[in-house]
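The structure under discussion appears below in the form of structure tokens.
The values are calculated or read from the model by the stated rules, or taken from the named source; none is laboratory data. The structure presented is a predicted model; accordingly, all values stated were derived computationally and were not measured. Cβ placement follows ideal geometry from the backbone for every residue including glycine, while neighbour counts extend to all protein chains displayed.
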Amino acid sequence: MGLTKAMRQQFGRVWLYVTLCAMWLGQASLALAQTAIPEAALKPFQAGMTHFERKQYQDAMAAFTQAIEAHPAFVEAYRQRSQVHSRLGHLQLAIADCTQAIEVAPKSAHAYNCRGNAYARAQRHRAAIADYRQAIRLAPDYPWPHNNLGLAYLTLKQYDAAIAALEQAIERHPLLATAFNTLGVAHQSDGNLIEAIYNYNRALSLRPGYAKALSNRENAYEQLSEAERAYLDYNAALEDNPDSASPYFHLGNLYLKAERYTLALAEYDRALAATPGHGHIYLQQGIAYSALGQYQRAIQALTRFLKHVPEAPEGHLRLAVAIEAVGSQDLAQKAYEYFVHYTDKDDSRLDWAEQKIAALRKQ
């Protein structure tokens, strides 16, 4: 049996109410959603949506304009017309429609998100960021402004800010495949290919066949170093034994060898989280921190290592160098002496260490 005209009208009103409630957050927005939309505005709006879905943009434009003329407070009609303007390249008109939506509903997060998108398409990214932030202030749990904020920061190459915003979007909408893909792009742009591939995989698990994520993942695989490929090979072992530190420790060592010290330290942190008592991780941490000139952190890590392995000559030598770098000559001398005491007599560094001890004694 077909729907009667009255049933279609009632369905249309219910559909619009549900749509608005989902999109307009906060009490003020809910009140707006509950405002009755006159039939003279509702019918052309629905027609506009149909035209838009069919990419009949001129017809959609005319229909949304008719809806606005019939009901000037019809915020969603402004937003949808803004979308049409954007598709047609009328970016200033798109911004104007979203601004009109904000004037009608100044507490609408969705309206600010709309204008942020219009600004972003016009390459006005800082203006877009301001609107996304306002949308977040109005509706902190609305995921799309967080996602779009991440995109804007990514465009500006502010990768840390982009990653933080995208993680907020995912926290609010864990099934948002596009956010995982964009987060992957942010990590890849920041040089972290492993995290990038991880996020592309998450996007693909949510949306199999997602073309952008597939292409991005393939591109990331092509950029992998030997160390990173080795890490991916270790992933299977890690899945079988999630408490194992060895894959992280191994990758950290490969990064250390490649002089990618920050990435090495990130993997050592993961290894310690998996196995806190793994003493040799602290030694490698100390080496990485020293290479970065972060000697106080190096001293802390190497001291922890020596608590686990007190007779390790490598630990004493590395500690001596770090202590000397911060200007503590007496302690540096003592550490060099421990190295001389514990190391093998054929160690090629022995003569050098003894010369350091002699020089420190004279000071």
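With the requirement that a residue be among the aromatic types (Phe, Trp, Tyr) and touching a Leu at 6+ places or on another chain (Cβ under 7 Å), what does the range 295-335 give you?
Selection gives 305 alone.
Out of all the residues in the range 222-242, is one or more at pLDDT below 90, part of a loop (DSSP other than H, G, I, E, B) and among the charged types (D, E, K, R)?
There is no residue in the range 222-242 that is at pLDDT below 90, part of a loop (DSSP other than H, G, I, E, B) and among the charged types (D, E, K, R).
So which of 96, 47 is within 25 Å of residue 134 (Cβ to Cβ), without any contact (Cβ under 8 Å) to a residue 24 or more places away in the chain and not aromatic (Phe, Trp, Tyr)?
96
Surrounded by fewer than 24 Cβ atoms within 10 Å (Cβ to Cβ), at negative phi, touching a Gly at 6+ places or on another chain (Cβ under 9 Å) and modelled with pLDDT of 95 or more: is that true of residue 66 in this structure?
yes
So how many residues does the range 259-299 have that are at pLDDT 90 or above and among the acidic types (Asp, Glu)?
Matching residues across the range 259-299 total 1.
Would a scan of the range 186-198 turn up a residue that is within 22 Å of the chain's Cα centre (by Cα), at pLDDT below 90, over 24 Å from residue 149 (Cα atoms) and not assigned by TED's automatic domain parsing to the domain that holds residue 291?
Checked against the condition, which is being within 22 Å of the chain's Cα centre (by Cα), at pLDDT below 90, over 24 Å from residue 149 (Cα atoms) and not assigned by TED's automatic domain parsing to the domain that holds residue 291, the range 186-198 yields no hits at all.
When the residues of the range 77-114 are filtered to those that are touching a Leu at 6+ places or on another chain (Cβ under 6 Å) and part of a helix (DSSP H, G or I), which remaining residue is nearest to residue 127 (Cα to Cα)?
The residue in question is 109.
Checking the structure you have, find out if any residue of the range 70-87 is farther than 26 Å from residue 131 by Cβ and in contact (Cβ under 8 Å) with a residue 12 or more places away in the chain.
The answer is yes; a qualifying residue exists.
Determine if the range 345-357 includes at least one residue that is in the same structural domain as residue 283 (by TED's automatic domain parsing), in contact with a Pro (Cβ under 8 Å, 6 or more places away or on another chain) and acidic (Asp, Glu).
Within the range 345-357 (the criterion being in the same structural domain as residue 283 (by TED's automatic domain parsing), in contact with a Pro (Cβ under 8 Å, 6 or more places away or on another chain) and acidic (Asp, Glu)), the answer is yes, since at least one residue qualifies.
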